[in-house]
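Right, one structure below, let's go through it.
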Amino acid sequence: MEMQAFWEALQFVVTGNDEVWAIAWLTIQVSGIATLISVAIGLPFGIWLALTDFPGKKLIYSFINYGMGFPPVVAGLMISLLLWRYGPLGNLSLMYTPTAMILAQTMIAMPIIIGFSFTAIMSVNPLLRYQFLSLGAKKWQADWLLIKEARLGLLAAVIAGFGRVSAEVGASMMVGGNIKGQTRVLTTATVMEVGKGNYEMALAISAVLLMIAYSVVLLLTYLQHERKREIR
Amino acid sequence: MKEAILKMDHLQVQREGRQVLQIDHFQLKRGELLAIVGSNGAGKSTFLQTVNGLQKFSGKISLFGETMQDDNRTRLRRRMSMVFQETILQSGSVAETIGIGLTFREMKKIEILEKVEKVSTVLRCNHLLKRQSNTLSGGEKQRIGIARALITKPELLLLDEPFAALDLRIRREMITKIRAIAQKEAMSVILVTHDFAEALAFADRAIVIEQGKIVQDASPQYIMYHPVNEVLARLVGIENILSCQLQIQENTYAVQLQNGAVLPYKNLSKEAVSKCCIPADICIFANEIEKQKHGDWFPFVATCNEIRPSKNGYELTIDWQKQQLKLYFSRQKKECFAVNQEIEFALNLAELHLI
């Protein structure tokens, strides 16, 4: 019976289904935008944290580390408290919208991207930056080169951030509500179909989710791969 | 008279509450080749890093006539180059790595490539230009690191043990080349080295740093034969350091060694001495001609305990009244000695050094 379900799911993926593709597209939008926001804020912050010494740095980094393992459902709860009708931002009517899901997923991805980018910069030999300065680099030139040296780790940060939010279900369910045609994404749809006993559909949706996640990771991995530079 | 391009006054560097460098006064002239020697942790690398503006300090540093401050460090650094003890190259091709200093100065790519070709040809590493930096051996990396420092034609070159990973032939070649470049371009160079032979081969002047302070400042040859203390004596390779007592009788001085031998001594500069350094190149009386030639030297007889080949001849361990000494002789003297043989030696008293 499981094999039959699997083959039916494969057929389903190949032939297509408008509803599934709409869910897939919303998944890419929500997780993609959340990752982009996290990268836009988290990457520079992580880099700055790595390059700057100040009192309390270790304490801040301990919170970042703590945030990397933050339960998604708790993130969803905190966003819900902000956005629901009687919350401080209740008048914006964002609850059960894709925007609420983006906010929740951003909250989940941000510490991961900050933490990984911090580690990426710290893993570059600190003497390299001094070497650049000693050769006459301005501060921004030395920092930029250091970021280039750490690009493998920084791209890993983006991959990790996207992977975490595209796979999470708790926060999306809590703030999105899994509303058909509005806030249903691949993870919440999978949970729902399993709950209904529609294993073929659940498998098909999971296969689509895996395909999307792998496509994004494959693209980023190619970017991460070292290019040979030649003298021109 | 050459102007001083580097001056230090009342310089202090602290690290984690500990004073690691304290220089009261120091000057380096344009075109001067200086070696810094000292034991591990003495503050040699900190000295270079401070000159390069990479360390916080109190006191005053003047470079090229300008006092170093926070807002002019980059401008001053662009007139210097530094090669670190640990060679770290950025990722990319060797050509890009060598030219990085010129990239910071926003020079055109075509000009950078020309200069990269030129400096890599001089340093004989142009065959590496298309390789990736992370594929180089340790020795190749050090050569590229030196090329990277020289390409910007610095007025002051700071070298922190740059030859450690190079084999002897390449090391000698690099020393010769850098000296030649320095003399041609009137470039001042400060070389930190553990190998006193490098200091002798490279520099006209040497300073010895111990516990963050300059304890001696002279030519390398002078330091080698007149080290200021026992630590430095061992650092420069003096092996025969004997405990001694100074005897003062009327207007004459004598040094009594721990084996009882009493040596007349004329050039006394201080009375608080406890050790006597005996050079390893003292004379064997091989024949009557040599005896006459060195008649004013101090003769003594010792037993040869061990003969071992060394780089330029032989190393002898002799027993002189139960005091072991290590001496070196050229290959031509091989027939003059054998193990367990009593041999006549002569010591040039003018070469004795008391610390």
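The values are calculated or read from the model by the stated rules, or taken from the named source; none is laboratory data. In this text, all values refer to a predicted model and were calculated from it rather than measured experimentally. Glycine also receives a Cβ, built like all others from the backbone with ideal geometry; neighbour counts cover every protein chain displayed.
Here are some notes:
- Residue match in region B:188-201 (condition: over 11 Å from the mean Cα position of the chain (by Cα) and of a type in the set (A, V, I, L, M, F, W, C)): yes
- Per-region count, region B:114-131, residues within 11 Å of chain A (Cβ to nearest Cβ) and surrounded by fewer than 18 Cβ atoms within 10 Å (Cβ to Cβ): 3
- Condition check for B:GLN321: modelled with pLDDT of 80 or more and surrounded by fewer than 14 Cβ atoms within 10 Å (Cβ to Cβ): yes
- Within region B:143-170, the set of residues being free of Cβ contacts under 8 Å to residues at least 40 places away in the same chain and more than 15 Å from B:LYS115 (Cα to Cα) comprises B:ARG143, B:PHE163, B:LEU166, B:ASP167, B:LEU168, B:ARG169, B:ILE170.
Residues checked against (1) touching a residue at least 60 places away in the same chain (Cβ under 8 Å); (2) within 30 Å of A:ILE179 (Cβ to Cβ); (3) hydroxyl-bearing (Ser, Thr, Tyr); (4) more than 14 Å from chain B (Cβ to nearest Cβ):
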residue: A:SER38; (1), (2), (3), (4): yes, yes, yes, yes
residue: A:LYS58; (1), (2), (3), (4): no, no, no, yes
residue: A:LEU81; (1), (2), (3), (4): no, yes, no, yes
residue: A:MET107; (1), (2), (3), (4): yes, yes, no, yes
residue: A:GLU149; (1), (2), (3), (4): no, no, no, no
residue: A:GLY153; (1), (2), (3), (4): no, no, no, no
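- Any hit, region A:83-96, residues being within 14 Å of chain B (Cβ to nearest Cβ) and closer than 27 Å to A:ILE64 by Cα: no
- Entirely in region B:1-67, the strands (runs of 3 or more DSSP E) that have 3 or more residues that are out of contact with any Leu (no Cβ under 7 Å at 6 or more places or on another chain) and closer than 24 Å to B:PHE84 by Cβ: B:4-15, B:18-29
- Subset of region B:34-58 that is within 13 Å of B:LEU6 (Cβ to Cβ), touching a strand residue (DSSP E or B) at 6+ places or on another chain (Cβ under 7 Å) and not hydroxyl-bearing (Ser, Thr, Tyr) - its residue that is surrounded by the fewest Cβ atoms within 10 Å (Cβ to Cβ): B:LEU34
- In region B:38-86, the residue that is farthest from the other protein chains (Cβ to nearest Cβ) out of those that are charged (D, E, K, R) and closer than 28 Å to B:HIS194 by Cβ is B:LYS44.
- Any chance B:ILE100 is within 14 Å of another protein chain (Cβ to nearest Cβ), over 29 Å from the mean Cα position of the chain (by Cα) and under 19 Å from B:LEU159 (Cα atoms): yes
- The helices (runs of 4 or more DSSP H) found wholly in region B:177-274 and carrying at least 2 residues that are farther than 24 Å from B:TRP320 by Cα, touching a residue at least 40 places away in the same chain (Cβ under 8 Å) and out of contact with any Ser or Thr (no Cβ under 8 Å at 6 or more places or on another chain) occupy B:196-202, B:220-225.
- Total residues in region B:132-156, condition surrounded by fewer than 16 Cβ atoms within 10 Å (Cβ to Cβ) and within 12 Å of another protein chain (Cβ to nearest Cβ): 3
- Filter result for the condition that a residue is more than 18 Å from B:ASP160 (Cα to Cα) and charged (D, E, K, R), over B:LYS213, B:LYS184: B:LYS184
- Residue within region B:10-25 that is within 11 Å of another protein chain (Cβ to nearest Cβ) and either more than 23 Å from B:ARG148 (Cα to Cα) or of a type in the set (S, T, N, Q) (or both) present: no
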